[in-house]
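The values are calculated or read from the model by the stated rules, or taken from the named source; none is laboratory data. Just so we're clear, the structure is a prediction, and the values are computed from it rather than from any experiment. With ideal geometry, Cβ positions are generated from the backbone for all residues, glycine too; neighbour counts draw on all protein chains shown. Remember, those area values only see protein heavy atoms, side chains included, never the ligands or the DNA or RNA. Shrake-Rupley method; radii C 1.70, N 1.55, O 1.52, S 1.80 Å.
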Amino acid sequence: MKRQPASDDVEQRGKLYEGKAKIVYATSDPKLIIQYFKDDATAFNALKKGTIVGKGVVNNRMSATLFQRLAKAGVPTHYVATLSEREMLCRRLDIIKIETIVRNVVAGSLAKRTGLEEGTPIRQPIVELYYKSDSLGDPMINDDHVRMMALATPAELAWMKRTALKINAVLRPHMLKHDLILVDFKLEFGRGAGRKLYLGDEISPDTCRLWDRATREKLDKDRFRRDLGGVEDAYQEVYRRLVGDAAGA
Ligand code: TMP
Ligand code: ASP
């Protein structure tokens with residue numbers, strides 16, 4: 001078996017990048033980075049800004065739990081170790097500038113684009129691609145645009161789509177067991193050593209739509225995006241169901 005990179009002797013170095021929800025730090029090991037999860041929240045390409053108290057802790061722990069579950073199912077992820085409540089040690093990836101979305105139920109931009117009512121079930125899960133570009137507002141693209149812009153090779157794109165559906169096949173029933181409907185979610189992939197592909201970023205209520213199985217109450221970032229109130233409570237509830245008791249306690 002391949003040895004995991006050790007986390008004990010890795011030291012944090014300078015800031016590499018600060019995004020809307022996370023800060024990425026270099027480490028003493030060039031193959032590893034640290035993701036620091038903030039409480040900052042944005043929506044609509046950062047037109048709306050706010051804070052969701054405790055979000056960083058929830059997203060860090062929930063992502064760790066789900067990355068470990070996916071690794072067991074054979075999905076390579078960038079997760080290496082949890083360093084603290086808000087810090088995750090990860091493999092350093094060259095992130096592919098494509099946001100891969102998987103959808104099981106119509107919601108959000110798919111409802112707007114198609115006119116279908118939010119909540120309409122999708123018989124066969126669908127995968128969408130968006131160009132990861134803040135300045136362009138992450139426009140939807142297709143395989144031909146990926147090829148034209150050389151964002152990924154055809155083999156990489158095929159792997160990403162296949163892996164996105166496999167991730168859905170692992171996470172959807174897992175979440176349902178905890179009375180959560182996995183409506184849709186966003187994934188980011190990247191190239192590690194030797195151009196091997198890994199799942200990167202995070203899996204959290206920021207990047208997934210999660211509805212209560214019985215009431216269909218929204219338990220994700222849509223509460224923030226749509227000013228529904230109860231934002232922190234929703235994140236804590238998802239944490240309780242998927243990670244365990246007493247987030248942040
Ligand atoms: P959408 O319906 O707005 O296209 O969102 C689809 C999914 O992607 C939803 O689970 C939320 C997630 N998402 C992100 O993670 N980042 C984003 O910037 C956007 C717009 C959506
Ligand atoms: N990534 C979006 C933003 O730029 C947030 C979202 O809607 O999830 O603000």
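Evaluating Pro125 against the criteria (1) under 18 Å from the mean Cα position of the chain (by Cα); (2) within 18 Å of Cys208 (Cα to Cα); (3) open to solvent by less than 10 Å² (accessible area, probe 1.4 Å) leaves one unmet condition, (3).
Condition first: within 16 Å of ligand 1 (Cβ to nearest atom), among the β-branched types (Val, Ile, Thr) and at negative phi. Can you find one or more residues in region 190-204 that meet it?
Our first condition is that a residue be within 16 Å of ligand 1 (Cβ to nearest atom); within region 190-204, this holds for 190, 199-204.
Adding the requirement that they be among the β-branched types (Val, Ile, Thr) leaves 203.
From what's left, at negative phi: 203.
Within region 190-204 (the criterion being within 16 Å of ligand 1 (Cβ to nearest atom), among the β-branched types (Val, Ile, Thr) and at negative phi), the answer is yes, since at least one residue qualifies.
Among the conditions (1) over 22 Å from Arg225 (Cα atoms); (2) open to solvent by 90 Å² or more (accessible area, probe 1.4 Å); (3) hydrophobic (A, V, I, L, M, F, W, C), Val10 misses just one, which is (2).
Only residues that are surrounded by fewer than 17 Cβ atoms within 10 Å (Cβ to Cβ), of a type in the set (A, V, I, L, M, F, W, C) and away from ligand 1 (no atom under 16 Å from the Cβ) were counted across region 24-44, and they come to 1. In the set (1) assigned to a loop (DSSP other than H, G, I, E, B); (2) open to solvent by 20 Å² or more (accessible area, probe 1.4 Å), the condition left unmet by Val75 is number (2).
Take region 192-216 and flag every residue that is away from ligand 2 (no atom under 14 Å from the Cβ) and touching a helix residue (DSSP H, G or I) at 6+ places or on another chain (Cβ under 8 Å).
Keep residues of region 192-216 that are away from ligand 2 (no atom under 14 Å from the Cβ), which gives 192-200, 211-216.
Within region 192-216, Leu197, Leu199, Arg213 meet the criteria.
For region 96-122, a residue qualifies if it is among the aliphatic types (A, V, I, L, M) and open to solvent by less than 60 Å² (accessible area, probe 1.4 Å), and the qualifying residues are Ile96, Ile98, Ile101, Val102, Val105, Val106, Ala107, Leu110, Ala111, Ile122.
Against the list (1) part of a helix (DSSP H, G or I); (2) closer than 20 Å to Gly190 by Cα; (3) β-branched (Val, Ile, Thr), the condition Val57 fails is (2). Based on what the data block shows, is Tyr17 among the aromatic types (Phe, Trp, Tyr), surrounded by fewer than 21 Cβ atoms within 10 Å (Cβ to Cβ), outside any loop (DSSP other than H, G, I, E, B) and without any contact (Cβ under 8 Å) to a residue 12 or more places away in the chain? Criteria met by Tyr17. Among the residues of region 139-185, none is identified as in a helix (DSSP H, G or I) and within 16 Å of ligand 2 (Cβ to nearest atom). Please tell me if Ala164 is more than 16 Å from ligand 1 (Cβ to nearest atom) and either in contact with a strand residue (DSSP E or B) (Cβ under 6 Å, 6 or more places away or on another chain) or open to solvent by 10 Å² or more (accessible area, probe 1.4 Å) (or both). No, not satisfied.
Does Arg223 meet the test of being within 13 Å of ligand 1 (Cβ to nearest atom), in a helix (DSSP H, G or I), under 23 Å from Gly50 (Cα atoms) and not aromatic (Phe, Trp, Tyr)? In short, yes. Kindly check whether there is at least one residue in region 134-145 that is modelled with pLDDT of 95 or more, of a type outside the set (Asp, Glu), surrounded by 11 or more Cβ atoms within 10 Å (Cβ to Cβ) and within 18 Å of Leu199 (Cβ to Cβ). No - not one qualifying residue is present in region 134-145. Of the residues that sit in region 109-138 and are part of a strand (DSSP E or B) and within 21 Å of Trp159 (Cα to Cα), which one is farthest from ligand 2 (Cβ to nearest atom)? That would be Gln124.
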